Amino acid sequence: MVIYRMPLGLSLGQPKHSFCPNCKHQLTTLDLFPIFSWVFLKGKCRHCKVPVPARYLGVELLTGALFGAFWYQHLSAGSDPIAFVAYACVAAALVAAIYIDMRWYIIPDQINAFLLLVGIAFGTARIIQGHPTAFTWGIPSWLAGAWFGAALIWGIAFLGLALFKKDAMGHGDIKLVRGYGAVLFPLATGLSVMAAVFLGALMGIGTILARRKVAEPETADQEGEDDYQPESLGSLVKCGIGYMLAFDVIGLFFPKFYQSYFGEDPYAVEVVEEDEPVPLTMIPFGPSLAAGALSLMLFPGFFTGLVDSYLRSVGLAGDR
């Protein structure tokens, strides 16, 4: 529902039930059993018989698998219901971000704000618990993770713009890492970005190869380059400060404040046509960042093992 409605500016509450994208018929109980309804109806709407995209099945399978994995980690093998709730919420938001960014090349502010709010709640719970990870660098770990994540991606964007006059990172990417950084805390956030670089290279190669088969790369690249205008450094600096202070989150509740600071409507909808040409090398990094975060959440031992191995190799294991 979020993946379909949010980029189109549709309400998440009205209509109350999901509906067929083709005939707009509101779905009933028989249509709404996750996975089973799609399979038994052979991937078609029960009313108009038009095929329902396999994306719906994929989202249910992926989200259910992630919930199951975190349930096992934190409620079966472990005993940390607070971590389970936080990770489940983050996973759901990241799945939505992946699918939206792959299709629309945006990550809605509402999703990024939700991630940050989950991080604040999770970090506050850790402080109340007296958990050893509650503080980092003398400040709450959720704040350290959010600031570190935002600064890391903003720094890449700044260097790309200053050195190459190119937009190296989207603003949605900055806010995305800020959001999940508040839950993962600084070390895991940094490792997630490293994992995202590797995953992004694989995704990029696969995407470019797939696009070469269905479009003329010269035409798509040329049309994208003709309209390209990089952001100014001043705008990037101003927005970066705003993101560190969560002005974008505040602006969702006070749209006039958002518009006065960032110069745009937080709820504006930019419709992308299905047949609009996409430059061959235009590949969103948000899905890779989200996948990197999910990797850290699913396999924390693997990544901390890599860090320990590296520190031992340089003789710093005892100082960690």
**Report entry** Residues LYS44, LYS175, LYS16, sorted so that the one with the fewest Cβ neighbours within 10 Å comes first
**Finding:** LYS16, LYS44, LYS175
Query raised in the report: Label LEU298 and ARG312 with points 7 Å out from Cα along Cα→Cβ: what is the distance between them in nm?
Result: 2.6 nm
**Report entry** Hydrodynamic radius of the range 1-53 per Kirkwood, over alpha carbon pairs, in Å
**Finding:** 11.6 Å
Requested in this report: Grab the beta carbon distance between SER79 and ARG212, set R0 = 56 Å, and tell me the FRET efficiency rounded to 0.05.
Outcome: 0.65
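If we count GluC sites (Glu not before Pro) as exposed when they sit in a DSSP loop and have at most 15 other beta carbons within 10 Å, what is the longest stretch of the chain that avoids them all?
1-230
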Query - Sequence-distant lysines (8 or more away, or on other chains) whose Cα lies within less than 24 Å of LYS175 - result: LYS165, LYS166, LYS238, LYS256
Report task. Let me know the Kirkwood hydrodynamic radius for the range 1-131, please, with Cα pairs as the basis and the value in Å to one decimal. Result -> 16.6 Å
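Take peptides 147-154, 292-299 and line them up by average Cβ neighbours within 10 Å, highest first, as a rough protection proxy.
Working: 147-154: 23.6, 292-299: 21.8.
My ranking of the peptides, most packed first, is 147-154, 292-299.
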Requested in this report: With springs connecting C-alpha atoms under 10 Å apart, model the chain as a Gaussian network and identify which of ASP173, ASP31, ASP248 has the largest mean-square fluctuation.
Outcome: ASP31
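All of the numbers you see were taken from the coordinates with simple rules; none came from a lab. Here the structure is a predicted model, which is why all the values come from computation and not from measurement. Cβ sites come from the backbone with ideal geometry, for glycine too, and all protein chains shown count toward neighbours.
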